[in-house]
Amino acid sequence: MPEEGVPLTPTSKLLSEAEIVRVGKLFISQGVDKIRFTGGEPLIRKELPSIISQLSQLNLKSIGITTNGLLLSRYLTELLANGLTHLNISLDSLNPKLFEKISRRPSKAWFKVWEAIEMAQLSPLKELKLNVVVMKGINESELCDFVELTKERDIDIRFIEYMPFTGNKWDLSKMVPYNEMVSIIQQKYPELKKLDDSVHHTAKAYQIPGHRGKFGFITSMSEHFCGGCNRLRITADGNLKVCLFGNTEVSLRDVIRSGATDDDLLSLIGLGVKRKHAKHAGMMNLSKMENRPMILIGG
(Lines give C-alpha, C1' and ligand atoms only; values in the text may rest on other atoms or scores of the structure.)
Protein backbone atom coordinates (compact mmCIF):
# COMPACT_ATOMS: atom_id res chain seq x y z
CA MET A 1 0.00 0.00 0.00
CA PRO A 2 1.46 3.41 -0.91
CA GLU A 3 2.01 5.60 2.16
CA GLU A 4 -0.60 8.07 0.94
CA GLY A 5 -3.12 5.27 0.30
CA VAL A 6 -5.05 4.73 -2.93
CA PRO A 7 -8.45 6.03 -4.08
CA LEU A 8 -11.19 3.48 -3.48
CA THR A 9 -12.77 2.19 -6.68
CA PRO A 10 -16.56 2.71 -6.76
CA THR A 11 -18.47 -0.57 -6.53
CA SER A 12 -20.12 0.13 -9.88
CA LYS A 13 -16.72 -0.01 -11.57
CA LEU A 14 -15.77 -3.36 -10.03
CA LEU A 15 -16.63 -6.64 -11.69
CA SER A 16 -19.81 -8.04 -10.18
CA GLU A 17 -20.11 -11.60 -8.86
CA ALA A 18 -21.82 -12.71 -12.07
CA GLU A 19 -19.16 -11.04 -14.22
CA ILE A 20 -16.32 -12.64 -12.25
CA VAL A 21 -17.89 -16.09 -12.56
CA ARG A 22 -18.51 -15.56 -16.29
CA VAL A 23 -14.91 -14.55 -16.95
CA GLY A 24 -13.66 -17.43 -14.79
CA LYS A 25 -15.75 -19.94 -16.72
CA LEU A 26 -14.41 -18.58 -20.01
CA PHE A 27 -10.81 -19.06 -18.96
CA ILE A 28 -11.55 -22.54 -17.61
CA SER A 29 -13.16 -23.43 -20.96
CA GLN A 30 -9.82 -22.59 -22.61
CA GLY A 31 -7.78 -24.87 -20.35
CA VAL A 32 -7.01 -22.68 -17.33
CA ASP A 33 -6.99 -25.02 -14.32
CA LYS A 34 -5.76 -22.75 -11.52
CA ILE A 35 -7.46 -19.59 -10.25
CA ARG A 36 -6.34 -17.37 -7.38
CA PHE A 37 -8.11 -14.31 -5.98
CA THR A 38 -5.72 -11.65 -4.75
CA GLY A 39 -6.05 -8.02 -3.77
CA GLY A 40 -6.15 -5.41 -2.53
CA GLU A 41 -7.77 -7.74 -0.05
CA PRO A 42 -10.17 -10.34 -1.45
CA LEU A 43 -11.83 -11.05 1.89
CA ILE A 44 -13.58 -7.69 1.85
CA ARG A 45 -15.72 -8.99 -1.02
CA LYS A 46 -18.72 -10.57 0.76
CA GLU A 47 -19.48 -12.56 -2.41
CA LEU A 48 -16.12 -14.36 -2.36
CA PRO A 49 -17.36 -17.64 -0.80
CA SER A 50 -20.16 -17.82 -3.38
CA ILE A 51 -17.75 -17.09 -6.26
CA ILE A 52 -15.37 -19.80 -5.05
CA SER A 53 -18.26 -22.23 -4.66
CA GLN A 54 -19.43 -21.71 -8.25
CA LEU A 55 -15.96 -21.96 -9.80
CA SER A 56 -14.81 -24.89 -7.64
CA GLN A 57 -17.49 -27.06 -9.24
CA LEU A 58 -15.72 -26.75 -12.59
CA ASN A 59 -12.58 -28.43 -13.90
CA LEU A 60 -9.99 -26.75 -11.67
CA LYS A 61 -6.89 -28.25 -10.05
CA SER A 62 -6.73 -25.43 -7.50
CA ILE A 63 -8.64 -22.38 -6.37
CA GLY A 64 -6.88 -20.10 -3.94
CA ILE A 65 -6.64 -16.65 -2.43
CA THR A 66 -3.83 -14.32 -1.40
CA THR A 67 -4.71 -12.35 1.73
CA ASN A 68 -3.16 -10.16 4.39
CA GLY A 69 -4.73 -12.54 6.89
CA LEU A 70 -6.48 -9.97 9.06
CA LEU A 71 -10.00 -11.28 8.35
CA LEU A 72 -9.02 -14.86 7.55
CA SER A 73 -9.80 -16.53 10.87
CA ARG A 74 -13.38 -15.28 10.52
CA TYR A 75 -13.91 -16.69 7.02
CA LEU A 76 -11.57 -19.67 6.59
CA THR A 77 -14.05 -22.36 7.60
CA GLU A 78 -16.68 -21.04 5.17
CA LEU A 79 -14.15 -20.70 2.36
CA LEU A 80 -12.96 -24.27 2.83
CA ALA A 81 -16.54 -25.52 2.78
CA ASN A 82 -17.04 -23.69 -0.52
CA GLY A 83 -14.02 -25.28 -2.19
CA LEU A 84 -10.89 -23.27 -1.32
CA THR A 85 -7.80 -25.45 -1.83
CA HIS A 86 -4.78 -23.11 -1.71
CA LEU A 87 -3.89 -20.16 0.49
CA ASN A 88 -1.19 -17.48 0.36
CA ILE A 89 -0.78 -15.16 3.35
CA SER A 90 1.35 -12.03 3.09
CA LEU A 91 3.58 -11.50 6.13
CA ASP A 92 6.81 -9.52 5.84
CA SER A 93 8.01 -9.87 9.43
CA LEU A 94 7.79 -12.23 12.40
CA ASN A 95 8.32 -9.24 14.70
CA PRO A 96 5.04 -7.46 15.59
CA LYS A 97 6.75 -4.07 15.92
CA LEU A 98 8.49 -4.36 12.56
CA PHE A 99 5.23 -5.62 11.06
CA GLU A 100 3.64 -2.39 12.27
CA LYS A 101 6.34 -0.31 10.57
CA ILE A 102 6.12 -2.17 7.26
CA SER A 103 2.34 -2.58 7.04
CA ARG A 104 1.34 0.63 8.83
CA ARG A 105 -1.12 -1.42 10.87
CA PRO A 106 -1.09 -1.69 14.68
CA SER A 107 1.26 -4.35 16.01
CA LYS A 108 -1.72 -6.20 17.53
CA ALA A 109 -2.83 -6.94 13.96
CA TRP A 110 0.21 -9.22 13.64
CA PHE A 111 -1.35 -11.56 16.20
CA LYS A 112 -4.53 -11.76 14.12
CA VAL A 113 -2.46 -12.78 11.11
CA TRP A 114 -0.53 -15.35 13.14
CA GLU A 115 -3.79 -16.78 14.52
CA ALA A 116 -4.98 -17.23 10.94
CA ILE A 117 -1.73 -18.95 9.93
CA GLU A 118 -2.03 -21.43 12.80
CA MET A 119 -5.68 -22.05 11.94
CA ALA A 120 -4.77 -22.65 8.29
CA GLN A 121 -2.06 -25.14 9.27
CA LEU A 122 -4.69 -27.30 10.99
CA SER A 123 -7.08 -27.12 8.04
CA PRO A 124 -7.41 -29.53 5.07
CA LEU A 125 -5.85 -27.01 2.65
CA LYS A 126 -3.74 -28.60 -0.06
CA GLU A 127 -1.09 -25.87 0.24
CA LEU A 128 -0.26 -22.96 2.54
CA LYS A 129 2.28 -20.32 1.52
CA LEU A 130 3.65 -17.26 3.27
CA ASN A 131 4.67 -14.38 0.98
CA VAL A 132 7.59 -12.30 2.27
CA VAL A 133 8.83 -9.22 0.41
CA VAL A 134 12.49 -8.91 1.43
CA MET A 135 13.96 -5.41 1.81
CA LYS A 136 17.55 -4.56 2.67
CA GLY A 137 18.01 -2.90 6.03
CA ILE A 138 14.46 -3.75 7.03
CA ASN A 139 13.72 -7.46 7.22
CA GLU A 140 16.50 -9.41 5.49
CA SER A 141 17.82 -10.37 8.95
CA GLU A 142 14.67 -12.52 9.34
CA LEU A 143 15.35 -14.79 6.37
CA CYS A 144 16.60 -17.64 8.54
CA ASP A 145 13.78 -17.14 11.05
CA PHE A 146 11.27 -17.70 8.27
CA VAL A 147 13.21 -20.75 7.02
CA GLU A 148 13.12 -22.15 10.55
CA LEU A 149 9.31 -22.17 10.34
CA THR A 150 9.61 -24.96 7.75
CA LYS A 151 11.26 -27.30 10.25
CA GLU A 152 8.08 -28.48 11.94
CA ARG A 153 5.44 -26.95 9.65
CA ASP A 154 4.21 -28.13 6.26
CA ILE A 155 4.41 -24.63 4.86
CA ASP A 156 5.98 -22.98 1.81
CA ILE A 157 7.76 -19.66 2.39
CA ARG A 158 8.09 -17.42 -0.68
CA PHE A 159 10.81 -14.78 -0.49
CA ILE A 160 10.01 -12.06 -3.02
CA GLU A 161 12.49 -9.59 -4.44
CA TYR A 162 11.41 -5.99 -3.85
CA MET A 163 9.76 -4.85 -7.09
CA PRO A 164 9.06 -1.35 -8.46
CA PHE A 165 5.42 -0.26 -8.59
CA THR A 166 3.81 3.15 -8.61
CA GLY A 167 3.72 4.54 -5.08
CA ASN A 168 6.08 2.10 -3.33
CA LYS A 169 9.16 4.37 -3.52
CA TRP A 170 11.25 1.57 -4.98
CA ASP A 171 15.00 1.96 -4.56
CA LEU A 172 17.62 -0.45 -5.93
CA SER A 173 19.55 -0.16 -2.67
CA LYS A 174 16.61 -1.75 -0.84
CA MET A 175 16.49 -4.81 -3.09
CA VAL A 176 18.04 -8.03 -1.81
CA PRO A 177 18.76 -10.17 -4.90
CA TYR A 178 18.08 -13.90 -4.96
CA ASN A 179 21.73 -14.98 -4.80
CA GLU A 180 22.32 -12.79 -1.76
CA MET A 181 19.33 -14.26 0.03
CA VAL A 182 20.56 -17.78 -0.69
CA SER A 183 24.01 -16.88 0.67
CA ILE A 184 22.53 -15.51 3.90
CA ILE A 185 20.47 -18.67 4.44
CA GLN A 186 23.37 -20.93 3.48
CA GLN A 187 25.49 -19.53 6.29
CA LYS A 188 23.09 -21.07 8.84
CA TYR A 189 21.91 -23.99 6.72
CA PRO A 190 24.86 -25.11 4.56
CA GLU A 191 22.97 -28.30 3.74
CA LEU A 192 20.12 -26.51 1.94
CA LYS A 193 19.02 -28.35 -1.18
CA LYS A 194 17.79 -26.95 -4.50
CA LEU A 195 14.58 -28.62 -5.65
CA ASP A 196 13.45 -29.16 -9.24
CA ASP A 197 11.29 -26.42 -10.76
CA SER A 198 8.83 -26.96 -13.60
CA VAL A 199 9.04 -24.65 -16.61
CA HIS A 200 6.00 -22.66 -15.48
CA HIS A 201 6.99 -22.26 -11.82
CA THR A 202 7.63 -18.66 -10.81
CA ALA A 203 9.69 -19.60 -7.74
CA LYS A 204 13.07 -21.25 -7.35
CA ALA A 205 12.39 -23.88 -4.69
CA TYR A 206 14.66 -25.07 -1.86
CA GLN A 207 14.39 -27.25 1.22
CA ILE A 208 16.45 -27.99 4.29
CA PRO A 209 16.86 -31.79 4.52
CA GLY A 210 14.71 -33.08 7.35
CA HIS A 211 12.36 -30.08 7.34
CA ARG A 212 8.68 -30.67 6.64
CA GLY A 213 8.16 -27.49 4.64
CA LYS A 214 10.11 -25.74 1.93
CA PHE A 215 10.91 -22.25 0.70
CA GLY A 216 11.50 -20.50 -2.58
CA PHE A 217 12.46 -17.23 -4.22
CA ILE A 218 10.49 -15.04 -6.63
CA THR A 219 13.37 -13.57 -8.65
CA SER A 220 11.48 -11.16 -10.90
CA MET A 221 14.23 -8.53 -10.76
CA SER A 222 17.56 -10.37 -10.70
CA GLU A 223 16.65 -13.45 -12.79
CA HIS A 224 13.36 -12.97 -14.63
CA PHE A 225 11.29 -16.02 -15.54
CA CYS A 226 9.15 -14.33 -18.19
CA GLY A 227 9.71 -17.03 -20.82
CA GLY A 228 7.99 -19.68 -18.69
CA CYS A 229 5.38 -17.45 -17.06
CA ASN A 230 1.84 -18.45 -18.01
CA ARG A 231 0.03 -16.15 -15.55
CA LEU A 232 -2.73 -13.79 -16.59
CA ARG A 233 -4.32 -11.22 -14.27
CA ILE A 234 -7.78 -9.72 -14.23
CA THR A 235 -7.91 -6.62 -12.04
CA ALA A 236 -10.85 -5.99 -9.70
CA ASP A 237 -12.19 -3.42 -12.16
CA GLY A 238 -12.06 -5.91 -15.01
CA ASN A 239 -8.84 -5.16 -16.89
CA LEU A 240 -6.75 -7.94 -18.40
CA LYS A 241 -3.01 -7.68 -17.66
CA VAL A 242 -0.84 -10.21 -19.45
CA CYS A 243 2.24 -9.14 -17.46
CA LEU A 244 2.45 -8.00 -13.84
CA PHE A 245 4.88 -5.25 -14.86
CA GLY A 246 3.19 -4.20 -18.08
CA ASN A 247 1.16 -1.02 -18.09
CA THR A 248 -0.97 -2.05 -21.08
CA GLU A 249 -4.43 -3.24 -20.07
CA VAL A 250 -7.57 -4.38 -21.89
CA SER A 251 -10.98 -3.73 -20.28
CA LEU A 252 -13.11 -6.86 -20.24
CA ARG A 253 -15.64 -5.12 -18.01
CA ASP A 254 -16.52 -2.49 -20.60
CA VAL A 255 -16.86 -5.09 -23.34
CA ILE A 256 -19.06 -7.30 -21.14
CA ARG A 257 -21.30 -4.38 -20.27
CA SER A 258 -21.62 -3.40 -23.93
CA GLY A 259 -23.28 -6.76 -24.60
CA ALA A 260 -20.34 -8.82 -25.89
CA THR A 261 -20.82 -12.54 -26.48
CA ASP A 262 -18.47 -15.14 -25.01
CA ASP A 263 -16.84 -15.48 -28.43
CA ASP A 264 -16.24 -11.71 -28.50
CA LEU A 265 -14.56 -11.90 -25.11
CA LEU A 266 -12.40 -14.85 -26.10
CA SER A 267 -11.23 -13.00 -29.22
CA LEU A 268 -10.29 -9.97 -27.14
CA ILE A 269 -8.47 -12.09 -24.56
CA GLY A 270 -6.61 -13.88 -27.35
CA LEU A 271 -5.43 -10.59 -28.83
CA GLY A 272 -4.19 -9.49 -25.41
CA VAL A 273 -2.30 -12.72 -24.79
CA LYS A 274 -0.62 -12.49 -28.19
CA ARG A 275 0.84 -9.11 -27.14
CA LYS A 276 2.61 -10.67 -24.15
CA HIS A 277 6.35 -9.90 -24.42
CA ALA A 278 9.13 -12.44 -24.02
CA LYS A 279 10.48 -10.53 -21.02
CA HIS A 280 9.81 -7.41 -19.01
CA ALA A 281 11.68 -4.12 -19.51
CA GLY A 282 14.27 -4.65 -16.74
CA MET A 283 14.16 -3.33 -13.19
CA MET A 284 15.71 0.08 -13.86
CA ASN A 285 13.30 0.76 -16.72
CA LEU A 286 10.39 -0.59 -14.67
CA SER A 287 11.25 1.81 -11.86
CA LYS A 288 10.59 4.72 -14.25
CA MET A 289 7.36 3.37 -15.74
CA GLU A 290 3.87 4.28 -14.59
CA ASN A 291 2.01 1.19 -13.44
CA ARG A 292 -0.75 0.53 -10.95
CA PRO A 293 0.24 0.24 -7.28
CA MET A 294 0.54 -3.45 -6.44
CA ILE A 295 -2.54 -3.23 -4.22
CA LEU A 296 -4.59 -2.36 -7.33
CA ILE A 297 -3.13 -5.21 -9.39
CA GLY A 298 -3.05 -8.24 -7.13
CA GLY A 299 -0.10 -10.50 -6.37
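The values are calculated or read from the model by the stated rules, or taken from the named source; none is laboratory data. This structure is a prediction, so every number in the text was calculated from the model and none was measured. Methodologically, a virtual Cβ is constructed for each residue, glycine included, from the backbone with ideal geometry; neighbour enumeration extends over all protein chains shown. Accessible surface is based on the protein model in full, side chains and every heavy atom, while ligands, DNA and RNA are left aside. Shrake-Rupley method; radii C 1.70, N 1.55, O 1.52, S 1.80 Å.
This table checks each residue for (1) hydrophobic (A, V, I, L, M, F, W, C); (2) at pLDDT 95 or above; (3) more than 19 Å from Ile234 (Cα to Cα).
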| position | (1), (2), (3) |
| --- | --- |
| Ile20 | yes, yes, no |
| Ile51 | yes, yes, no |
| Asn59 | no, no, yes |
| Ile63 | yes, yes, no |
| Leu76 | yes, yes, yes |
| Ile89 | yes, yes, yes |
Considering only segment 152-207, state which residues are in contact with a Phe, Trp or Tyr (Cβ under 7 Å, 6 or more places away or on another chain), open to solvent by 50 Å² or more (accessible area, probe 1.4 Å) and modelled with pLDDT under 95. Lys174
Can you confirm whether segment 96-117 contains a residue that is at pLDDT 95 or above, crowded, with 19+ Cβ neighbours inside 10 Å, closer than 21 Å to Arg212 by Cα and touching a strand residue (DSSP E or B) at 6+ places or on another chain (Cβ under 8 Å)? yes
When you look at Asn139, is it within 24 Å of Tyr178 (Cβ to Cβ) and among the polar types (S, T, N, Q), yes or no? yes
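Any chance you could count how many residues in segment 34-49 are of a type outside the set (Val, Ile, Thr) and either open to solvent by 50 Å² or more (accessible area, probe 1.4 Å) or part of a strand (DSSP E or B) (or both)?
Looking only at segment 34-49, we keep the residues that are of a type outside the set (Val, Ile, Thr), and these are 34, 36-37, 39-43, 45-49.
Now narrow it down to the ones that are either open to solvent by 50 Å² or more (accessible area, probe 1.4 Å) or part of a strand (DSSP E or B) (or both): 34, 36-37, 45-46.
Here the count works out to 5.
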Looking at segment 118-136 only, could you name the residues that are surrounded by fewer than 16 Cβ atoms within 10 Å (Cβ to Cβ), in a loop (DSSP other than H, G, I, E, B) and touching a His at 6+ places or on another chain (Cβ under 8 Å)? Lys126
